[in-house]
Amino acid sequence: MSGGDLSAFQNLSDAKVAAYLDSRSADLGLPVPEACRDGVAENLALLRDQAALFAGLTDPDAPIETFAP
Amino acid sequence: MSFATAQVLTTALREGRTSARETTQTAIAAAKAEPFNAFTAVFEDEALAQADAVDARLAVGENPGPLAGVPFAVKNLFDVAGHVTLAGSKIRREAAPATADATAVARMKAAGAVLVGALNMDEFAYGFVTENAHDGPTRNPHDPARIAGGSSGGSAAAVAGGLLPLTLGSDTNGSIRIPAGLCGVFGLKPTLGRLSRVGAFPFVHSLDHIGPFARTAADLALAYDVLQGEDPLDDLAPPPADPLSGRLDALADQPLRVGCLSGWFQQGAFPEVVEALEIVADALQARRGLTLPGAQAARAAAFAMSASEGGRLHFDDLAQRALDYDPAVRDRLLAGALLPDGVAEAARRYRPAFRDEARGLFEHFDILLAPVTPCPAPPIGQATMELDGLPVSVRKTLGAYTQPISYVGLPVIAAPVNRPGKPPIGVQLIAPAWREDLAFAAALRLERAGVIAAHRPPLRREPA
């Protein structure tokens, strides 16, 4: 899965989160210590669920506006 | 401890009833003996030197500034020249000392305020509890068994506990508003870009704000005025200062159209939180039942942006020494660093859409009300709590009502509802972008009507 592949990330099943963690960690050169793996996987699953709440609300091809309040 | 306001202290100084040195000595003594674990450092020698300089200027008839002789302290993510900027971490304990004060610190000092120390926080500002793994938890002055909130927990506890009249903190997702609400003091999160962030250790560049804590709305305005102004070093280009302190009476009398947010902003709220919100809504004759469409999505987007930007900021340290992070912070930063780029992009893309929803409401209202948190301060160490009958994470839930608002950078005063003898509960007074004056108008009116107030914590006997 490429770093920018939002839909693939959103479609990860709980069982596949750990595999994503390993592959993304290897791609980025960011080792995840064994002691952290469960916590990181849990947070990735939470972020996947959160992303589902907003990712479909905008056009993914639209330019990102420089935000001003 | 002293519960004198900044206004009272500076007036006493100008009238010769006290000196800056005397006031500073009192604050230093309180900081050294405090039972809340609010302070992580006390700058005794430098503070006394600053106080002496204030006294010397007064002695020759000069005006040391609007905060002359007022002691203050800052969340330990602000640069203070000559001191290491910890940002609540272990990793930065080996960093070089800051070579200059943060803009906010420099402005407070230039106004005559005296910096007495640095304050506890969640590591790298990533949290709502200030249960710091390296420096220990900050205790809520109203109940030391309970959290002060975070991430600016030390800043709120120091003001609530009568250690200082003013402190500074930062707010990315609620980190000024939540501790202000749980500790029963006033906190201002200004419009994104209003106050310079230069010299404040970043967490999420797109969402970071800085702001003051105080025990009265007038003190909050005094600090806000001092902190304002352009700063060419800040890429958000803060605008010229628009001082409010000279027109507080007019603000307090200003007519306001007020709406009270429901839906997401009351979902799961404890009954006493809704009751406190209703007291404020009644006092401002607020229209009830307003919804801000997209609030849950906005909260989720802020959550994802924080993880992603925070993870990238810390990438190198995470790669080399992840185990030196606070475990509660580390796992979230690592997960954020591993996110695909598309998540943060989608979170940024939704931001203007939600901003426009808020703008739509502000066509009809000057102020929107919402609770600060779903509950009063939970006990220290409590990992989960029940909301709507379901167990949820305390750390991840406390920001439910604050995150949508900071996601779009709106100015908010977190104000303590007047509930003497009961655990503090805060309400968000949310104004349109760049209209901090309206948030102050609401706070002043409520304070003068006795609806909001910062109370002294109950006296507690030390164990025998």
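Throughout, read-outs are computed from the coordinates displayed, never taken from laboratory work. Treat the numbers as computed from the prediction; the structure is a model and nothing was measured. Every residue, glycine as well, gets a Cβ built from its backbone with ideal geometry; the counts of neighbours run over all protein chains shown.
Restricting to region B:244-259, and then to whatever is under 18 Å from B:R359 (Cβ atoms) and of a type outside the set (D, E, K, R), can you tell me which residue is surrounded by the fewest Cβ atoms within 10 Å (Cβ to Cβ)? In this case the residue turns out to be B:L256. A count restricted to region B:293-330 and to residues that are charged (D, E, K, R) and over 16 Å from B:A125 (Cβ atoms) stands at 4.
Listed here are the residues, each with its yes/no results for (1) within 29 Å of B:E94 (Cβ to Cβ); (2) out of contact with any strand residue (DSSP E or B) (no Cβ under 9 Å at 6 or more places or on another chain); (3) aliphatic (A, V, I, L, M).
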{"residue": "B:R312", "(1), (2), (3)": "yes, yes, no"}
{"residue": "B:R321", "(1), (2), (3)": "yes, yes, no"}
{"residue": "B:D326", "(1), (2), (3)": "yes, no, no"}
{"residue": "B:V329", "(1), (2), (3)": "yes, yes, yes"}
{"residue": "B:A337", "(1), (2), (3)": "yes, yes, yes"}
{"residue": "B:D341", "(1), (2), (3)": "no, yes, no"}
{"residue": "B:A347", "(1), (2), (3)": "no, yes, yes"}
{"residue": "B:P352", "(1), (2), (3)": "no, yes, no"}
{"residue": "B:R355", "(1), (2), (3)": "no, yes, no"}
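Count of region B:334-378 residues, restricted to those that are over 27 Å from B:G311 (Cβ atoms), more than 10 Å from chain A (Cβ to nearest Cβ) and touching a residue at least 60 places away in the same chain (Cβ under 8 Å), is 14.
Looking across region B:367-396, the residues that are part of a loop (DSSP other than H, G, I, E, B) and surrounded by fewer than 20 Cβ atoms within 10 Å (Cβ to Cβ) come down to B:I380, B:G381, B:Q382, B:A383, B:D388, B:G389.
Here region B:165-190 is the region considered, the condition is being assigned to a helix (DSSP H, G or I) and farther than 16 Å from B:P457 by Cβ, and the residue that is farthest from the chain's Cα centre (by Cα) is B:I178. Considering region B:191-222, the residues that are away from every other protein chain (no Cβ under 14 Å) and among the small types (G, A, S) include one that is nearest to the chain's Cα centre (by Cα), namely B:G211. Among residues of region B:2-15 that are under 25 Å from B:P141 (Cα atoms), those with a beta-carbon under 6 Å from a residue that is basic (K, R) and outside any helix (DSSP H, G or I) at least six positions away or on a different chain give the pairs B:F3/B:R456. Of the residues in region A:4-16, none is at the interface with another protein chain (Cβ under 7 Å from one of its Cβ atoms) and hydroxyl-bearing (S, T, Y).
Looking only at residues in region B:318-333 that are surrounded by fewer than 24 Cβ atoms within 10 Å (Cβ to Cβ) and within 25 Å of the chain's Cα centre (by Cα), the one that is nearest to the other protein chains (Cβ to nearest Cβ) is B:D331. Each residue in region B:2-51 was checked for being touching a Ser or Thr at 6+ places or on another chain (Cβ under 9 Å) and closer than 18 Å to B:A157 by Cα, and 10 pass. Residue selection: B:K75 satisfies the criterion of being surrounded by 19 or more Cβ atoms within 10 Å (Cβ to Cβ), over 22 Å from B:T11 (Cβ atoms) and of a type in the set (K, R).
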